[in-house]
Amino acid sequence: MEFVNPEGLRLDGRRPLEMRQLRAQIGAVAKADGSAVFEMGNTKVIAAVYGPREVQNRSQQINDQALVRCEYSMANFSTGDRRRKPKGDRRSTEISLVIRQTMEACILTHLMPRSQIDIYVQVLQADGGTRSACINAATLALADAGIPMRDLVTSCSAGFLNSTPLLDLNYVEDSAGGPDVTVGILPKLDKVTLLQMDAKLPIDTFENVMQLAVEGCKAIANYIREVLLENTKQLEYRRGL
Amino acid sequence: MDGRLANRWRLTVNEKKFIETALASNLRIDGRNPLEYRKIIIKFGREDGSSEVQLGQTHVMGFVTGQLVQPYQDRQNEGMLLIFTEFSPMADPSFDPGHPGESAVELGRIVDRGLRDSRAVDTESLCVLSGKLVWAIRIDLHIVDNGGNLIDAANIAALAALLTFRRQECTLGGDDGQEVIVHPPEEREPLPLIVHHLPVAITFAFLGSEGKLVVDPTHSEEAVMAGRLIATVNANGDICAIQKAGGEGVPQSAIMHCLKLASMCAISITKKINSAVEAYSTERALRKIKRHPTVAGIVSVAGSDVKEQNKTVEQVGGSELSRHHIERLKVVSEETCSSRSNDNDGDIKSSEQGGTSRGESKAMNFLGGPSNWVLIMIP
């Protein structure tokens, strides 16, 4: 199947180095301390953050830092065929672990000992790149909750089909069986926290694809900064400053 | 997550500082270099498809079984590959019995990604009847002892078990050619799986604040590490999978450095696996030799692959002994074994077809050199 036609357009009309449209909205869940909705094309994800609050399970309390918990679930209606189990299957467990460890690396946990920060991420519409959208949404939600972080964490995926590196794969391109590289970076520090890859790639091609994904992450970081600035202006306005 | 916390409790601040300070002078607490791998010992059980891997103190067992099932809806003509992990509580006090924890799921998925997405095991050859029956290969990984770096050890165990697994041969038969007949191992020799390449997982740990790199972390190093990168590479220089699930941020150059190191480690590990599997296959073939009491009383048995030869003998004679057939085999070296056995089959068949023509015994005596020959004399 042809994923990049001779004119250089992909199945949804994008160029190989073009990302899908980004949309973000802060404060979607009123009850949560911080929340955000993040959309990358057709993929829509909602994240809610509760914390820092008292640790619910005393035995898990850590004395010198905050405990970070994360739960990733996909809504039943998020994919084409109705999903039977939204969470608890292996993929969701692994992604929860991955998101938790990624966010934990950037949250300044030592400033909030003996407390707990919960991150809940739910996928409302899945069209490829759910992992990246979840991390971006979690970053926004954590910023909205006012939790101190070292840097934003942004994530993007890239692939390699028809001998072309492609940025931000959607579901059809992802399930084509080609390699899928998901990268999460700390943009200001220029460090890679999350890196996952499946399917085979020679090492030099991998370097190009990873570089492309990092560029995508930086573009998302710029967008997230704009959204946060806009949000802060709104808050100032409401306070009458 | 409880496992992670339990691990953290056990290590004191002093131990943590000691490990980090020692690394500053490129020393690890078990005396290795930062880029040195532990000794790998691969053993096999009596059954086909069972392996046992020891990586230092880490001990993992792998078992492969096969079953005929219905294929998935969206993959009608491909077989299935299923991986199950069992983190036994005897391996580590932080493992709970029953439902697998996060690290168990992560291990299973990393091994799965390395094998499935990189097309290491050929799933299309596992299809028997498209849309109706395919082989489901199930790999069970049991962690017996946790000495650190379970993922690499489990991966090697899975690969070793897959290479020595034999599935029963099945043919289509019946009235309409739609019935599947599974042949038991006594009837037809079971077939090995088609494995295109060996994806080997190499784990790197980042320790300390400046992210010092070590290969193959032990249990205590894992408790101290800030981040971990697992690179699954094969001996051809392809990267099959990468997993860096958060943790300390590292620059891109460090990641490329890790991948290059991983390629080098993978070559030596692949060699070890292949040699262990070959030694096992030879030993397995040796076990299958049937001894025949001969007329002339000359028997020297040190065997090579005789299964097919026995069959042809039986087909001709019905009873293999006391007839006029004398088989004499001599094996000198293992390397010639597998390569020459094919020639032997050809020899025997032609000599059988020669039937009662006498004297056409292949009396090629290669004395003084590695030889592998079969002598059938029909007086």
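The values are calculated or read from the model by the stated rules, or taken from the named source; none is laboratory data. What you see is a predicted model; the values in this text were computed from it and never measured. Every residue, glycine as well, gets a Cβ built from its backbone with ideal geometry; the counts of neighbours run over all protein chains shown. We work out accessible area using only protein heavy atoms, side chains counted, and drop any ligands, DNA or RNA first. Shrake-Rupley method; radii C 1.70, N 1.55, O 1.52, S 1.80 Å.
The figures follow:
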| item | result |
| --- | --- |
| Residues located in region A:199-213, provided they are touching a residue at least 40 places away in the same chain (Cβ under 8 Å), assigned to a helix (DSSP H, G or I) and at the interface with chain B (Cβ under 10 Å from one of its Cβ atoms) | A:Thr205, A:Met210 |
| In region A:147-198, residue surrounded by the most Cβ atoms within 10 Å (Cβ to Cβ) [restricted to those that are farther than 18 Å from A:Arg131 by Cα, in contact (Cβ under 8 Å) with a residue 24 or more places away in the chain and within 11 Å of another protein chain (Cβ to nearest Cβ)] | A:Asp151 |
| Residue match in region A:219-227 (condition: under 24 Å from A:Gly8 (Cβ atoms), more than 14 Å from chain B (Cβ to nearest Cβ) and in contact with a strand residue (DSSP E or B) (Cβ under 6 Å, 6 or more places away or on another chain)) | yes |
| Some residue of region B:39-51 being modelled with pLDDT of 90 or more, basic (Lys, Arg) and assigned to a loop (DSSP other than H, G, I, E, B) | yes |
| Single match in A:Asp118, A:Asp81 (criterion: open to solvent by less than 10 Å² (accessible area, probe 1.4 Å) and within 13 Å of chain B (Cβ to nearest Cβ)) | A:Asp118 |
| Some residue of region B:202-212 being more than 20 Å from the chain's Cα centre (by Cα), surrounded by 15 or more Cβ atoms within 10 Å (Cβ to Cβ), part of a loop (DSSP other than H, G, I, E, B) and of a type outside the set (Gly, Ala, Ser) | no |
| Residue list for region B:244-256, restricted to those being more than 28 Å from the chain's Cα centre (by Cα) and either in contact (Cβ under 8 Å) with a residue 40 or more places away in the chain or more than 7 Å from chain A (Cβ to nearest Cβ) (or both) | B:Gly247, B:Glu248, B:Val250, B:Ser253, B:Ala254 |
| Subset of region B:26-40 (residues that are at negative phi and either among the charged types (D, E, K, R) or open to solvent by 50 Å² or more (accessible area, probe 1.4 Å) (or both)) | B:Leu27, B:Arg28, B:Ile29, B:Asp30, B:Arg32, B:Asn33, B:Leu35, B:Glu36, B:Arg38, B:Lys39 |
| Criterion (touching a Ser or Thr at 6+ places or on another chain (Cβ under 6 Å), within 21 Å of B:Ile139 (Cα to Cα) and within 14 Å of chain A (Cβ to nearest Cβ)) met by exactly one of B:Ala161, B:Ala201 | B:Ala201 |
| Test: residue in region B:74-81 that is within 17 Å of the chain's Cα centre (by Cα) and either among the acidic types (Asp, Glu) or more than 29 Å from B:Ile29 (Cα to Cα) (or both) | yes |
| Unmet criterion (only one of (1) free of Cβ contacts under 8 Å to residues at least 60 places away in the same chain; (2) in a strand (DSSP E or B); (3) more than 14 Å from chain B (Cβ to nearest Cβ)) for A:Pro86 | (2) |
| Condition check for A:Gln101: open to solvent by 40 Å² or more (accessible area, probe 1.4 Å) and within 14 Å of another protein chain (Cβ to nearest Cβ) | yes |
| A:Arg91 farther than 29 Å from A:Glu226 by Cα and under 22 Å from the mean Cα position of the chain (by Cα) | yes |
| B:Leu163 being in contact with an Asp or Glu (Cβ under 7 Å, 6 or more places away or on another chain) and open to solvent by 10 Å² or more (accessible area, probe 1.4 Å) | no |
| Whichever residue in region B:102-128 is part of a loop (DSSP other than H, G, I, E, B), surrounded by 19 or more Cβ atoms within 10 Å (Cβ to Cβ) and within 11 Å of chain A (Cβ to nearest Cβ) and, among such residues, is modelled with the highest pLDDT | B:Ala120 |
| Checking B:Asp96 against (1) away from every other protein chain (no Cβ under 14 Å); (2) touching a residue at least 40 places away in the same chain (Cβ under 8 Å), the condition it does not meet | (1) |
| Members of region A:29-47 that are of a type outside the set (Val, Ile, Thr), under 18 Å from A:Ile99 (Cβ atoms) and not in a strand (DSSP E or B) | A:Ala32, A:Asp33 |
| Test: residue in region B:66-74 that is of a type outside the set (Ser, Thr, Tyr), open to solvent by 70 Å² or more (accessible area, probe 1.4 Å), in a strand (DSSP E or B) and more than 24 Å from B:Ala266 (Cα to Cα) | yes |
| Unmet requirement for B:Asn236, which otherwise passes all of (1) of a type outside the set (Gly, Ala, Ser); (2) more than 14 Å from chain A (Cβ to nearest Cβ); (3) open to solvent by 10 Å² or more (accessible area, probe 1.4 Å); (4) in a loop (DSSP other than H, G, I, E, B) | (2) |
| Qualifying position, being among the acidic types (Asp, Glu), surrounded by 14 or more Cβ atoms within 10 Å (Cβ to Cβ) and either free of Cβ contacts under 8 Å to residues at least 60 places away in the same chain or assigned to a loop (DSSP other than H, G, I, E, B) (or both), among A:Glu18, A:Glu7 | A:Glu18 |
| Breaking point among (1) of a type in the set (A, V, I, L, M, F, W, C); (2) within 29 Å of A:Pro165 (Cβ to Cβ); (3) within 22 Å of the chain's Cα centre (by Cα), for A:Ala75 | (2) |
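Residue-wise test of (1) among the aliphatic types (A, V, I, L, M); (2) farther than 19 Å from B:Asp122 by Cα; (3) open to solvent by 50 Å² or more (accessible area, probe 1.4 Å).
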| position | (1), (2), (3) |
| --- | --- |
| B:Ile42 | yes, yes, no |
| B:Gly45 | no, yes, no |
| B:Ser51 | no, yes, no |
| B:Gly79 | no, no, no |
| B:Ser94 | no, yes, no |
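Residues checked against (1) in contact with a helix residue (DSSP H, G or I) (Cβ under 9 Å, 6 or more places away or on another chain); (2) farther than 28 Å from A:His110 by Cβ:
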{"position": "A:Glu7", "(1), (2)": "no, yes"}
{"position": "A:Glu18", "(1), (2)": "no, yes"}
{"position": "A:Val29", "(1), (2)": "yes, no"}
{"position": "A:Gln61", "(1), (2)": "no, no"}
{"position": "A:Tyr72", "(1), (2)": "yes, no"}
{"position": "A:Ala75", "(1), (2)": "no, yes"}
{"position": "A:Arg84", "(1), (2)": "no, yes"}
{"position": "A:Gly88", "(1), (2)": "no, yes"}
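For every residue, the table says whether it meets (1) farther than 21 Å from A:Gly159 by Cα; (2) in contact with a Lys or Arg (Cβ under 7 Å, 6 or more places away or on another chain); (3) touching a residue at least 40 places away in the same chain (Cβ under 8 Å).
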| site | (1), (2), (3) |
| --- | --- |
| A:Glu2 | no, no, yes |
| A:Arg23 | yes, no, no |
| A:Ala36 | yes, no, yes |
| A:Tyr50 | yes, no, yes |
| A:Val55 | yes, yes, yes |
| A:Gln61 | yes, yes, yes |
| A:Val68 | yes, yes, yes |
